[in-house]
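First the structure, in the form of structure tokens, and then the observations on it.
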Amino acid sequence: MTDTAIIDCNANLGNWPFRRTGYNTPDALLERLARVDIDRAWVTLLDAVMLKNVGAANPWLAEMVAGYEQLMPVGSVNPTWPAWERDLAECVDLGFRGVRVNPNYHGWTLADPIFGELLAAAGEAGMFVEVALHMTDERHHHPLVMVPPVAVDGLLDACAAHPNVAIVLANVKNAPASQLARDADGELPGNLYFELSHFESVGGVQALAGELGVERILFGTHAPYYYPESSVLKVFEECDFSEPELAAITHQNAERLLASLQAGGSQP
Amino acid sequence: MIEPGAIDCHIHPTAAQGGPPAACADELLPFADRMGIALMGTSLGPTFWRRPTREQITADNDFNAELIARHPDRFFGYANLNPNDLRFSLDEIERRVADGPFVGLKLWVAMCCDHPNVDAICERAAELGAPILQHTFFRAGGNLPGESSPDDLAALAARQREVTFIAAHAGLNWERGIRAVLGQPNILVDTCGFDPELGYTEMAVAWLGAERVVYGSDATGRSFASQLAKVYGADIDDDAKALILHGNMRRVLDL
């Protein structure tokens with residue numbers, strides 16, 4: 001489909017409790033992504049979201065991806081639990097470059113002081129922090145597990161307070177992305193990135209890239225929960241990006257983010 | 001990956017907000033061209049009204065009529081109705097469908113479709129051979145007032161066997177929605193208006209058969225691309241994909 005190298009910054013392994021997903025082992029995921037010319041992916045473990053002891057997911061994920069250099073594990077942390085710092089430290093020991101948080105599933109908000117504490121600790125450890133705003137469409141959640149999306153209130157303040165920590169919004173839809181652009185009045189912080197799997201509307205990726213800045217957009221698929229063709233078609237077929245823009249979105253931004261990570265704080 | 005000739009059974013004229021139909025078409029068609037969309041079924045209007053007045057219905061249908069008049073090779077229309085106003089709905093069917101250029105009817109959330117008023121609409125639709133695009137949700141926490149579920153549509157379709165229905169969104173909660181319409185062969189499901197969740201099209205084809213699945217996008221709120229991914233990315237054979245992308249709608253529209 002394309003000669004452009006693609007890094008999928010939002011793929012998943014493991015199981016989601018409310019749907020049987022295929023392609024959720026390393027081999028199967030890589031085979032599925034290869035169909036659309038993706039050969040590298042950042043992966044989280046879906047099971048982590050609903051585990052009570054979220055930290056238990058991290059050695060589990062490390063074991064799953066061992067030997068798969070194409071897969072970069074992203075750990076999971078619930079900072080409302082005691083000794084979450086130990087989970088973060090374990091992620092460092094396991095060689096992870098970043099951690100994901102699911103504030104809506106774990107009962108906190110981005111305006112809570114705990115987010116700042118997590119960012120400070122992640123910065124010290126040289127890790128990026130990924131915030132998943134959704135996991136699945138709230139309109140068809142299980143009736144006993146209806147979880148609203150993460151509000152982005154407080155996020156810009158957190159970015160400003162921790163300018164050397166790269167923050168990735170994953171599963172972010174058009175409305176909160178545009179809200180942040182408006183709230184920032186054209187001056188979005190340099191440490192904030194947006195993963196595009198949930199961008200919608202006709203030509204929506206290009207419109208949002210215009211609002212947010214191409215340099216902040218990370219290619220992601222949310223596979224295997226989503227068809228990975230969705231993001232590929234949105235970016236390569238429906239939009240009309242230039243080759244430099246495609247290179248930035250599909251891999252250069254992700255590579256720059258990773259290159260910026262260093263103990264004591266990244267340098268976005 | 002893109003194959004030309006797709007028929008998108010479900011869009012809304014929401015491009016170029018605030019502009020006339022010509023501007024809407026000018027903004028939308030380049031994207032459709034890039035995505036291989038040959039023909040689009042348009043309904044509702046630039047603004048969505050849950051319980052539209054006669055004036056709003058008229059304005060919406062006028063807007064789409066002009067869109068179709070300007071590009072008859074690219075758009076077909078479903079006349080927007082509010083079944084609570086049955087007299088006006090039946091008159092609008094005569095004005096828009098019997099006299100053209102609309103070929104079908106769109107029912108959104110003004111009234112649950114399992115209601116006698118909708119039967120009266122269906123009886124005229126059957127005479128005209130007009131398919132009905134019916135919004136269907138199984139919404140977490142309960143449907144909106146007037147919003148139809150696939151269960152409601154299945155009950156209607158069992159009474160109105162001469163009408164072809166498209167269950168828009170397959171109920172959103174599609175694992176349940178596909179089951180709900182299983183027993184009514186005059187119901188097709190579309191692919192539109194929900195996230196590109198892997199497995200949808202495979203289940204729809206396995207349970208209903210490829211002949212009962214049609215591509216739709218819900219553009220412009222949704223992208224053509226994210227919804228096409230449900231077809232291009234599905235683990236189904238090429239013949240099934242061709243039916244979903246255009247073959248089934250050609251049958252429904254008698255093209």
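The values are calculated or read from the model by the stated rules, or taken from the named source; none is laboratory data. Here the structure is a predicted model, which is why all the values come from computation and not from measurement. Heads up, the Cβs are rebuilt from the backbone with ideal geometry, glycines too, and the neighbour counts pull from every protein chain shown. These area figures cover heavy atoms from the full protein model, side chains too; ligands, DNA and RNA do not enter into them. Shrake-Rupley method; radii C 1.70, N 1.55, O 1.52, S 1.80 Å.
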Give me the distance between the Cα centres of the stretch B:158-176 and the stretch A:96-138, rounded to whole Å. 40
Residue farthest toward the positive end of the dipole of the stretch B:39-150, with Cβ of Lys/Arg at +1 and Asp/Glu at -1: which of B:GLY41, B:PHE102, B:LEU90? B:GLY41
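Subtracting the Cα-Cα distance from 0.36 nm times the residue separation, let me have the gained length for A:ARG86 to A:ALA259 in nm, one decimal. Write out the running numbers ahead of the final one.
Details: separation 173, 0.36 × 173 = 62.28 nm, distance 2.47 nm.
Once the chain is fully extended between A:ARG86 and A:ALA259, it gains 59.8 nm.
Given only helices, namely DSSP H runs of n ≥ 4 each adding -39500 (n - 2.57), what is the per-residue ellipticity at 222 nm of chain B, to the nearest 500 deg cm²/dmol? List each step's numbers first, then the result.
Values: 10 runs with 99 residues, N = 255.
Calculated mean residue ellipticity at 222 nm is -11500 deg cm²/dmol.
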Counting only residues 5 or more apart in sequence or on a different chain, those whose built amide H sits under 5 Å from that of B:VAL214 are B:VAL189, B:ASP190, B:THR191
In whole Å, how far is the Cα centre of the stretch B:122-148 from that of the stretch B:61-112? 14
Three principal axis extents, largest first, for the C-alpha atoms of chain A, in Å? 48, 42, 40
Residue-averaged [θ]222 nm for chain A, counting only DSSP H segments that reach four residues, each worth -39500 (n - 2.57): -9000 deg cm²/dmol
For the stretch A:60-65, in residue order, the Karplus 3J(HN,Hα) values (coefficients 6.51, -1.76, 1.60; θ = phi - 60°; whole Hz; Gly and Pro = x) are 4, 5, 4, 5, 5, 8
Give me the 1.4 Å probe accessible area per residue for the stretch B:6-253, excluding ligands and nucleic acids, in Å². 33
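Taking every pair of alpha-carbon atoms in the protein assembly as shown, give the share separated by more than 33 Å as a whole percent.
Details: 55428 of 136503 pairs.
That fraction is 41 percent.
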Comparing B:PRO83, B:PRO196, B:PRO131 in a Gaussian network model of chain B (Cα, 10 Å), the one with the largest mean-square fluctuation is B:PRO196
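Using square roots of five times the C-alpha gyration tensor eigenvalues, list the equivalent-ellipsoid semi-axes of the stretch B:6-253 in whole Å, biggest first.
Values: eigenvalues 118, 101, 51 Å².
The equivalent ellipsoid of the stretch B:6-253 has semi-axes of 24, 22, 16 Å.
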Ratio Rg/Rh [Cα only; Rh per Kirkwood] for the stretch B:1-153: 0.97
Relative to the isolated chain, which residues of the stretch B:194-213 have their accessible area cut by 20 Å² or more in the presence of all protein chains (1.4 Å probe, heavy atoms, no ligands or nucleic acids)? B:ASP195, B:PRO196, B:GLU197, B:LEU198
Distance cut-off 21 Å, Cα to Cα: go down the list A:LYS234/B:LYS106; A:LYS234/B:LYS241; A:LYS173/B:LYS230 and report the pairs above it. A:LYS234/B:LYS106
In square angstrom and rounded to 100, what buried accessible area do you get between chains A and B, total over both, with the probe at 1.4 Å? 2900
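Out of the total accessible area of the protein assembly as shown (probe 1.4 Å, heavy atoms of protein only), what percent is carbon and sulfur?
Its accessible area is 51 percent carbon and sulfur atoms.
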Within chain A, excluding any GluC sites (Glu not before Pro) found in a DSSP loop (not H, G, I, E or B) and having at most 16 other Cβ atoms within 10 Å, the longest uninterrupted segment runs A:70-186
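Taking the Cα centre of the protein assembly as shown as origin, work out the dipole magnitude from +1 charges on Lys and Arg Cβ and -1 charges on Asp and Glu Cβ, in debye rounded to 20. Kindly include the intermediate steps, with their values, before the conclusion.
Values: 37 positive and 70 negative charges, 215 e Å.
So the dipole magnitude of the protein assembly as shown works out to roughly 1040 debye.
Quote to one decimal, in nm, the extra length available between A:ALA184 and A:GLU243 on full extension: 0.36 nm per residue of separation minus the C-alpha distance between them.
Numbers: separation 59, 0.36 × 59 = 21.24 nm, distance 2.79 nm.
Length difference between fully extended and current span is 18.5 nm.
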Take B:ILE57, B:ILE2 and sort them by solvent-accessible surface of the protein heavy atoms, 1.4 Å probe, largest at the top. B:ILE2, B:ILE57
B:ASP91 paired with B:PHE48, simple spin-label distance in nm, labels 7 Å along Cα-to-beta-carbon: 2.8
Taking every other residue with Cβ under 12 Å from the Cβ of B:LEU153 and scoring Lys and Arg +1, Asp and Glu -1, one gets -3
Sort largest first and round to whole Å: the equivalent ellipsoid semi-axes of the stretch B:129-200, each the square root of five times a Cα gyration tensor eigenvalue. 19, 14, 11
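Using +1 on the beta carbon of Lys and Arg, -1 on that of Asp and Glu, and nothing else charged, what's the dipole of the stretch B:6-253 about the Cα centre, debye to 20?
Numbers: 22 positive and 33 negative charges, 38 e Å.
In debye, rounded to 20, the stretch B:6-253 gives about 180.
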In the full protein assembly as shown, how much of B:MET111 is accessible to a 1.4 Å probe, in Å² to the nearest 10? 20
